[in-house]
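The values are calculated or read from the model by the stated rules, or taken from the named source; none is laboratory data. These numbers were taken from a predicted model, which means no experiment stands behind them. Here Cβ is always computed from backbone atoms with ideal geometry, including for glycine, and neighbour counts include all displayed protein chains.
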Amino acid sequence: MEEGNCPTCGPGVRAENFLQAPSGKFLFSYVRCSACGLVFLNPRPQAAEMQGFYDEDYYGGEDRKFRSGLEVLRRLFARARARRAGRYFPSSGKVLDVGCGQGTFLQLMQGKGWKGYGTELSSRSASRALQAGVSVSVGEIRENQFPPDFFDLITFWQVLEHLRDPSAVLRRIRPLLKSGGIVAISTPNVESLQAKVFGGDWFHLDAPRHLFLFSPRTLGKFMAAHGFRLLALSHFSWEQNPYGWLQSFLNRVGFSNNSLYTLIKDDPPSLKRRFTLGVQGKIYILSAALLPICLLLSGVMGVRHRGGTIEAYFQLK
Ligand SMILES: [Zn+2]
């Protein structure tokens, strides 16, 4: 284990206990920066230890992440995201998707005339992106990988919270953006109602993979420290928030961690065997019963600005 720090305020700033989250046989601690309020994992696994928490099951099966019906839904959500991201630009340009997964978003942007580039840590996901015709490199962004003033848009879809050093990544990508360029970020909102209600059972907590838990306020401060101003912020994510409610409910009533998520991912037989057919049936029935409530809660929390995840657009000052 090693010490975690606030990416906005740096080491040496006091932090108070925030919450404890069990994950498997471990108990992880999140603390809250006394200066800016950002929540982060401390202590946290070393980089090499962390790989053990990203097994192949995390990324789903051979060709896709989810079972086929949900895969259609996943593409629809990605399409809506591509439409939202594109509305800030009068014409197509160049986009970098950090942690691009299997490249669905970039593929859709390319369909709109954009030139897409991606980086991805999982070589298996990256090879799927390559097969889909996306230019993707495995690993973190390297120095001089792209020329300065190259990108119109850089996106972090549910990625910023996973980065070991988000400040270093921001410093690296900032010069790559054209003047007036935009960074788009979606990330869990630690000040949402679902985070407050479920605490250590909250699906989007995802300890220890989520090293940083932002809120609209702490994300704004972090981005301001890197020279970005907020353009737009949304608390409505139909892609993330209803599911956040649903899986958190299931976690809370004792269906072991992220049971439904395990069942709906494509082809992870080793994990599915943890649930007997009877238990699987209960999980599906309970999910169907809870889904309308979860959709309603997500809508209400979107209006109340307490969404379980947020989507924010920042512009270089
Ligand atoms: Zn701080």
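Please go through region 29-55 and pick out each residue that is at negative phi and within 11 Å of the ligand (Cβ to nearest atom). First the steps, then the outcome.
So in region 29-55, the residues at negative phi come out as 29-36, 38-55.
Answer for region 29-55, where residues must be at negative phi and within 11 Å of the ligand (Cβ to nearest atom): 31, 32, 33, 34, 35, 36, 38, 39, 40.
Evaluate the following for residue 198: is it touching a Lys or Arg at 6+ places or on another chain (Cβ under 8 Å), more than 16 Å from the ligand (Cβ to nearest atom) and not in a loop (DSSP other than H, G, I, E, B)? Spell out the reasoning first.
On the way: touching a Lys or Arg at 6+ places or on another chain (Cβ under 8 Å): yes; more than 16 Å from the ligand (Cβ to nearest atom): yes; not in a loop (DSSP other than H, G, I, E, B): yes.
It is true that residue 198 is touching a Lys or Arg at 6+ places or on another chain (Cβ under 8 Å), more than 16 Å from the ligand (Cβ to nearest atom) and not in a loop (DSSP other than H, G, I, E, B).
Please determine, by comparing only the residues of region 201-252 that are of a type in the set (D, E, K, R) and part of a helix (DSSP H, G or I), which one is surrounded by the fewest Cβ atoms within 10 Å (Cβ to Cβ).
Initially, region 201-252 is screened for residues of a type in the set (D, E, K, R), giving 201, 206, 209, 217, 221, 229, 239, 252.
Of the ones still in play, those that are also part of a helix (DSSP H, G or I) are 201, 217, 221, 252.
Numbers: 201: 19, 217: 12, 221: 19, 252: 14.
For region 201-252, the residue satisfying everything is 217.
Given the criteria more than 26 Å from residue 8 (Cβ to Cβ) and either among the charged types (D, E, K, R) or modelled with pLDDT under 95 (or both), does residue 87 qualify?
Criteria met by residue 87.
Identify all residues within region 127-141 that are in a loop (DSSP other than H, G, I, E, B) and either of a type in the set (A, V, I, L, M, F, W, C) or closer than 12 Å to residue 98 by Cα (or both); write none if there are none. Please lay out each step first, then the result.
Here is the first cut: in region 127-141, the residues in a loop (DSSP other than H, G, I, E, B) are 132-134, 139-141.
If the condition is that a residue be in a loop (DSSP other than H, G, I, E, B) and either of a type in the set (A, V, I, L, M, F, W, C) or closer than 12 Å to residue 98 by Cα (or both), then 132, 134, 139, 140, 141 are the ones that fit.
What are the residues in region 89-104 that are in a loop (DSSP other than H, G, I, E, B) and farther than 17 Å from residue 176 by Cβ, if any? Outline the logic, then answer.
Going through region 89-104, the residues in a loop (DSSP other than H, G, I, E, B) turn out to be 89-93, 99-103.
Hits for region 89-104 are 90, 91, 92, 101, 102, 103.
How do the pairs read when you match residues in region 1-30 that are within 15 Å of residue 164 (Cα to Cα) with residues anywhere that are within 11 Å of the ligand (Cβ to nearest atom) and charged (D, E, K, R), using Cβ under 7 Å and keeping only pairs 6 or more apart or on different chains?
Between residues of region 1-30 that are within 15 Å of residue 164 (Cα to Cα) and residues that are within 11 Å of the ligand (Cβ to nearest atom) and charged (D, E, K, R), the close pairs are 8/221.
Just the residues that are more than 16 Å from the ligand (Cβ to nearest atom) and within 11 Å of residue 309 (Cα to Cα), please, taken from region 209-244.
Taking region 209-244 and keeping what is more than 16 Å from the ligand (Cβ to nearest atom), we get 209-210, 227-244.
Scanning region 209-244 gives 233, 234, 235, 236, 237, 238, 239, 240, 241, 242, 243, 244.
With respect to residue 190, is the statement that it is out of contact with any Phe, Trp or Tyr (no Cβ under 6 Å at 6 or more places or on another chain), of a type in the set (Val, Ile, Thr) and modelled with pLDDT of 95 or more true?
Numbers: out of contact with any Phe, Trp or Tyr (no Cβ under 6 Å at 6 or more places or on another chain): yes; of a type in the set (Val, Ile, Thr): yes; modelled with pLDDT of 95 or more: yes.
Answer is yes for this residue.
Scan (1) in contact (Cβ under 8 Å) with a residue 60 or more places away in the chain; (2) over 15 Å from the mean Cα position of the chain (by Cα) for the single condition residue 196 breaks and write down its number.
Every condition holds for residue 196 apart from (1).
Consider region 3-28. How many of its residues are at pLDDT below 95, more than 12 Å from the ligand (Cβ to nearest atom) and not polar (S, T, N, Q)?
Of the residues in that region, 7 qualify.
Of all the residues that make up region 209-252, how many are closer than 24 Å to residue 4 by Cβ, in contact with a helix residue (DSSP H, G or I) (Cβ under 6 Å, 6 or more places away or on another chain) and in contact (Cβ under 8 Å) with a residue 60 or more places away in the chain?
Residues meeting the conditions: 4.
In the set 191, 161, 140, which member is acidic (Asp, Glu) and surrounded by 23 or more Cβ atoms within 10 Å (Cβ to Cβ)? Even if it seems obvious, please write down each step before you answer.
Values: 191 fails: surrounded by 23 or more Cβ atoms within 10 Å (Cβ to Cβ); 140 fails: surrounded by 23 or more Cβ atoms within 10 Å (Cβ to Cβ).
Selected residue: 161, the only one of 191, 161, 140 that is acidic (Asp, Glu) and surrounded by 23 or more Cβ atoms within 10 Å (Cβ to Cβ).
Rundown of residues vs (1) out of contact with any strand residue (DSSP E or B) (no Cβ under 7 Å at 6 or more places or on another chain); (2) modelled with pLDDT of 95 or more; (3) hydroxyl-bearing (Ser, Thr, Tyr), yes/no style:
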{"residue": "47", "(1), (2), (3)": "yes, no, no"}
{"residue": "64", "(1), (2), (3)": "yes, no, no"}
{"residue": "74", "(1), (2), (3)": "no, no, no"}
{"residue": "79", "(1), (2), (3)": "yes, yes, no"}
{"residue": "93", "(1), (2), (3)": "no, yes, no"}
